[in-house]
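Take a look at the structure below.
The values are calculated or read from the model by the stated rules, or taken from the named source; none is laboratory data. Small disclaimer: the values here were computed from a predicted structure and weren't measured. All Cβ positions, even for glycine, are placed from backbone atoms using ideal geometry, and neighbour counts span all protein chains on display. Please note that ligands, DNA and RNA were not included when accessible areas were found on the heavy atoms of the full protein model with its side chains. Shrake-Rupley method; radii C 1.70, N 1.55, O 1.52, S 1.80 Å.
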Amino acid sequence: MNDPVSFPAYYDDLALSFEEAWSLIAAGVTNRNSPPHMPAVATVDALGMPQLRIMILRDVSRDARTLRFHTDSRSTKAEQLRQNPATSVLIYDPAAKVQIRMSGKTHFTATGDLADMAWSASTPFARRCYMAEASPGTPLAEPSSGLPDWIAGKQPEENHLADYRANFAALLVEVDTIEWLYLANSGHRRARWQWDALQNSWAGRWLIP
């Protein structure tokens with residue numbers, strides 16, 4: 001006799017699926033080894049084409065519906081977001097058998113309290129990449145990190161970093177839509193939640209996977 005199939009509590013529960021989605025997303029901030037720590041983030045270029053890259057998830061606020069990432073203010077990505085804030089974020093956790101897709105608009109901030117806090121909270125080693133002498137994506141004749149020779153392979157001191165603060169920016173993705181897909185041999189489960197600004201709440205529904 002075959003053993004009965006065991007499903008997680010959220011398998012047929014829309015509200016619990018929503019809770020699990022946010023739990024997995026938030027784990028990306030505190031657990032560097034979790035897949036949500038490095039989601040794929042898509043922006044839109046000047047031709048309307050999606051541009052995708054892996055980014056480090058720095059912070060999550062469920063109440064504010066935001067995900068925080070960091071970037072170089074001189075990057076192509078930064079310019080794309082200045083022109084078009086539309087953003088999508090994709091997480092896939094193979095252990096949980098869950099895919100989470102989020103979409104919304106990004107608030108780009110290179111100055112002010114949020115950017116200052118994010119800069120100060122980052123380690124000197126993490127901030128070292130903003131010491132690059134030219135913007136990310138600049139063509140080179142030969143391979144290079146782009147960093148000044150004197151800092152290559154070294155961890156900078158605070159006094160070394162002060163002049164490069166202007167190259168740093170924080171990105172706040174304000175999430176309007178969350179789509180959830182749970183993979184199961186006996187039947188997948190898919191749902192979508194849309195933020196309702198008038199009701200100040202999320203509205204969810206099941207979808208065919």
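Look at segment 99-116: where a residue is within 13 Å of Glu174 (Cα to Cα) and β-branched (Val, Ile, Thr) and a partner is open to solvent by 30 Å² or more (accessible area, probe 1.4 Å) and outside any strand (DSSP E or B), sitting 6+ places away or on another chain with Cβ atoms under 8 Å, you get Thr106/Pro85.
In this structure, does Phe69 turn out to be open to solvent by less than 20 Å² (accessible area, probe 1.4 Å), in contact (Cβ under 8 Å) with a residue 24 or more places away in the chain, hydrophobic (A, V, I, L, M, F, W, C) and touching a Lys or Arg at 6+ places or on another chain (Cβ under 9 Å)? First the steps, then the outcome.
Numbers: open to solvent by less than 20 Å² (accessible area, probe 1.4 Å): yes; in contact (Cβ under 8 Å) with a residue 24 or more places away in the chain: yes; hydrophobic (A, V, I, L, M, F, W, C): yes; touching a Lys or Arg at 6+ places or on another chain (Cβ under 9 Å): yes.
It is true that Phe69 is open to solvent by less than 20 Å² (accessible area, probe 1.4 Å), in contact (Cβ under 8 Å) with a residue 24 or more places away in the chain, hydrophobic (A, V, I, L, M, F, W, C) and touching a Lys or Arg at 6+ places or on another chain (Cβ under 9 Å).
Could you check segment 35-57 and list, in sequence order, the residues that are open to solvent by 90 Å² or more (accessible area, probe 1.4 Å), within 23 Å of Cys129 (Cα to Cα) and in a loop (DSSP other than H, G, I, E, B)?
Residues of segment 35-57 open to solvent by 90 Å² or more (accessible area, probe 1.4 Å): 38, 46-47, 49-50, 52, 54.
From the residues that got through so far, the ones that are within 23 Å of Cys129 (Cα to Cα) too are 38, 52, 54.
Met38 - this is the single residue of segment 35-57 that is open to solvent by 90 Å² or more (accessible area, probe 1.4 Å), within 23 Å of Cys129 (Cα to Cα) and in a loop (DSSP other than H, G, I, E, B).
Sort out for me the helices (runs of 4 or more DSSP H) sitting completely within segment 99-192 that have 3 or more residues that are open to solvent by 50 Å² or more (accessible area, probe 1.4 Å).
Numbers: elements: 113-121, 124-127, 158-161.
Where helices (runs of 4 or more DSSP H) fall fully within segment 99-192 and carry at least 3 residues being open to solvent by 50 Å² or more (accessible area, probe 1.4 Å), they are 113-121, 158-161.
Once segment 75-92 is narrowed to residues that are under 15 Å from Thr109 (Cβ atoms) and part of a loop (DSSP other than H, G, I, E, B), the residue that is most open to solvent (accessible area, probe 1.4 Å) is Pro85.
Scanning segment 24-79 for residues that are within 26 Å of Gly146 (Cα to Cα) and aliphatic (A, V, I, L, M) yields Met38, Ala40, Val41, Ala42, Val44, Ala46, Leu52, Ile54, Met55, Ile56, Leu57, Ala78.
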